[in-house]
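Remarks on the structure that follows.
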Amino acid sequence: MTERKVRVRFAPSPTGALHIGGVRTALYNYLFARQHNGDLVFRIEDTDSNRFVPGAEEYIIESFKWLGIKFDEGVSFGGNYGPYRQSERRDIYKKYVQILLEAGKAYIAFDTPAELEAKRAEIANFQYDASTRTSMRNSLTLSKEEVDKLIADGEQYVVRFKIEPNEDVHVHDLIRSEVVINSSILDDKVLYKSVDELPTYHLANIVDDHLMEITHVIRGEEWLPSAPLHVLLYRAFGWEDTMPEFAHLPLLLKPDGKGKLSKRDGDRLGFPVFPLEWHDPKTGEVSSGYRESGYLPEAVLNFLALLGWNPGNDQEIMSLDEMVQLFDVHRCSKAGAKFDYVKGIWFNHEYILKMSDEKVAQLFVPILKEHGIEAPMDKVVTVVGLMKGRVNFVKELWELCKFFFVAPLEYEEKTRKKRWKEDSPEMMSKLADLLESLDDFSLENQERVVMKWIEDNGYHTGNIMNAFRLALVGDGIGPHMFDISALLGKDETISRLHKAVERDCFPVFTKDKAQK
RNA sequence: GGCGCUUUCGUCUAGCGGCUAGGACACAUGCCUCUCACGCAUGUAACACGGGUUCGAUUCCCGUAGGCGCUACCA
């Protein structure tokens with residue numbers, strides 16, 4: 001095979017937010033490049049001036065920065081194969097269009113969009129190809145003089161690829177092995193439009209991949225039908241010997257129902273489909289992002305990687321570096337994968353579990369601040385250590401942990417009803433007195449003394465501990481009691497006990513299940 | 001409609017002629033326990049259908065059906 005350095009590219013169109021499927025495509029390209037000590041190129045395919053959306057390019061770059069996917073060259077990264085924005089490569093494309101024209105492998109067509117539309121309405125399954133081009137207005141049916149005159153008169157035209165019929169075109173695909181399509185079913189694709197002096201995707205793509213010395217094209221399955229066209233283009237230019245290898249990835253599908261994953265599904269089922277929050281400049285609509293929803297970038301990448309690929313064993317939790325080692329494009333699945341966002345939540349849980357208490361605490365501090373809490377770091381770290389296993393997202397920590405920082409003002413009704421007995425005020429007073437007498441308020445000492453006190457007096461452990469919990473937490477949840485009281489400290493613990501006794505654990509609140 | 005791709009538990013998937021069809025998420029149950037979780041254990045659950053090939057098909061081939069994609073002067 002070739003000795004060329006591996007070079008792959010991710011080439012989005014700046015038409016809006018980066019779709020999560022695009023993120024996965026980029027990830028696979030990244031893994032492939034890293035694994036082969038190759039380069040990953042970031043190219044912007046903005047050949048459709050009508051669909052350009054301001055801010056989209058910046059959004060895409062920021063997304064990858066957050067995710068931790070690094071490019072070696074391209075828009076905003078520099079490199080020796082630029083420019084990397086297709087709208088800045090007009091002259092290059094013009095030159096190659098000319099080459100095809102001169103070689104008789106492409107021709108100029110003057111049929112207006114309206115005329116074509118009429119044709120399509122008139123003839124079922126109309127296709128601009130070998131069977132119909134002789135009856136259309138193009139440089140094959142018009143004389144050289146007529147063509148020149150039309151152009152001189154400012155008539156708009158397009159350049160079409162002249163596809164020879166009845167030829168079996170073989171596309172070798174790394175995931176699907178060989179795909180064969182007969183050239184007769186391909187139409188004479190528009191390669192270039194005079195209106196904006198820009199090529200269409202197909203031409204620009206082939207020219208750029210060739211000039212940028214791309215060795216492997218890893219892209220979504222939606223491109224499979226046009227792969228034969230691309231092969232034909234490489235051939236027309238005489239570049240077949242350096243034509244990249246293709247790998248067409250299966251698509252990401254709706255979690256339920258049918259069809260490919262769309263932004264609507266996210267809104268409908270409550271999960272993001274974009275890496276970052278996206279503010280649509282045209283509609284003003286705001287779409288949620290994985291970052292803002294509290295996902296860890298490593299978890300998102302890990303989750304995405306396994307949607308359509310697996311390392312061949314049971315390992316599911318993998319760092320980016322591990323994935324680089326394990327990735328194998330031949331192990332990609334062929335069929336589309338329903339987007340299992342519930343599993344994505346599980347990945348986030350696993351990554352929080354895996355992350356050090358210190359790091360999670362750092363993420364928790366801003367959330368505490370939002371609630372007006374400024375706590376010493378060591379306390380936050382301890383709380384996180386006690387509680388992080390219970391959540392899927394760092395932000396969920398607040399609801400579960402707030403009692404560590406704020407004394408309860410109300411007590412959960414159901415728990416009060418169940419755990420606050422007739423004699424609880426009396427018992428809690430006694431407990432407060434007992435704790436008051438302690439010089440050593442450590443977890444171990446408290447536990448030893450209190451448990452002995454319970455045993456000596458023949459109390460019921462559950463009654464005491466549950467009332468104790470209700471007094472300190474205001475609810476029937478949380479870690480072991482002495483973890484709580486030790487962290488709260490002697491004064492705060494006793495204060496909360498006294499308050500609970502005074503109030504008799506009133507007022508109460510109910511957990512409204514309806515509100516999320 | 002045409003062309004192409006595709007088809008294993010509800011979901012993501014392992015399997016590459018002979019297996020009690022494995023794992024993970026979700027779900028259920030149990031254990032742990034002062035509560036709620038975490039965790040751990042166990043369980044429910046799949047080879048789309050019909051023909052071949054073969055001693056033997058989840059696996060190979062051909063159909064059918066379903067799904068997905070493409071079918072633009074969009075990518």
Working only within region A:477-491, note down all residues that are buried (at least 16 other Cβ atoms within 10 Å of the Cβ) and touching a residue at least 60 places away in the same chain (Cβ under 8 Å).
A:Gly478, A:Pro479, A:Asp483, A:Ile484, A:Leu487, A:Leu488
Residues of region A:399-449 satisfying the condition of being within 13 Å of RNA strand B (Cβ to nearest atom), aliphatic (A, V, I, L, M) and either exposed (fewer than 15 other Cβ atoms within 10 Å of the Cβ) or at pLDDT 95 or above (or both)
A:Leu431
Taking A:Glu322, is it over 15 Å from the mean Cα position of the chain (by Cα), modelled with pLDDT of 95 or more, over 30 Å from A:Gly257 (Cβ atoms) and surrounded by 13 or more Cβ atoms within 10 Å (Cβ to Cβ)?
yes
Counted residues in region A:116-129 being in contact with a Lys or Arg (Cβ under 8 Å, 6 or more places away or on another chain) and more than 7 Å from RNA strand B (Cβ to nearest atom) come to 1
Could you list, ordered by first residue, the pairs with Cβ atoms under 6 Å in which the first is in region A:1-21 and at negative phi and the second is modelled with pLDDT under 95 and not in a loop (DSSP other than H, G, I, E, B), at least 6 apart or interchain?
A:Thr15/A:Arg51
I'd like to know if region A:454-475 contains one or more residues that are more than 25 Å from A:Phe506 (Cα to Cα), surrounded by fewer than 16 Cβ atoms within 10 Å (Cβ to Cβ), within 14 Å of RNA strand B (Cβ to nearest atom) and not hydroxyl-bearing (Ser, Thr, Tyr).
yes
Take region A:302-330 and flag every residue that is assigned to a helix (DSSP H, G or I), within 13 Å of A:Leu27 (Cα to Cα) and in contact (Cβ under 8 Å) with a residue 40 or more places away in the chain.
A:Asn302, A:Phe303, A:Leu304, A:Ala305, A:Leu320, A:Met323, A:Val324, A:Val329
Report, by residue number, each residue of region A:54-90 that is in contact (Cβ under 8 Å) with a residue 24 or more places away in the chain, in a loop (DSSP other than H, G, I, E, B) and more than 17 Å from the chain's Cα centre (by Cα).
A:Pro54, A:Gly55, A:Asp72, A:Val75, A:Ser76, A:Phe77, A:Gly79, A:Tyr81, A:Tyr84, A:Arg89
Within region A:308-316, is even one residue closer than 19 Å to A:Ile69 by Cβ and within 7 Å of RNA strand B (Cβ to nearest atom)?
yes
Failed item, numbered, when A:Gly289 is tested on (1) touching a residue at least 12 places away in the same chain (Cβ under 8 Å); (2) under 21 Å from A:Val179 (Cβ atoms)
(2)
What strands (runs of 3 or more DSSP E) lie completely within region A:150-250 and have 3 or more residues being near RNA strand B (Cβ under 9 Å from one of its atoms) and among the small types (Gly, Ala, Ser)?
none
Helices (runs of 4 or more DSSP H) completely within region A:331-423 that count 3 or more residues being assigned by TED's automatic domain parsing to the domain that holds A:Phe509
A:357-370, A:377-387, A:397-401, A:413-419
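The values are calculated or read from the model by the stated rules, or taken from the named source; none is laboratory data. For clarity, every value in this text was computed on a predicted model and none was experimentally measured. Heads up, the Cβs are rebuilt from the backbone with ideal geometry, glycines too, and the neighbour counts pull from every protein chain shown.
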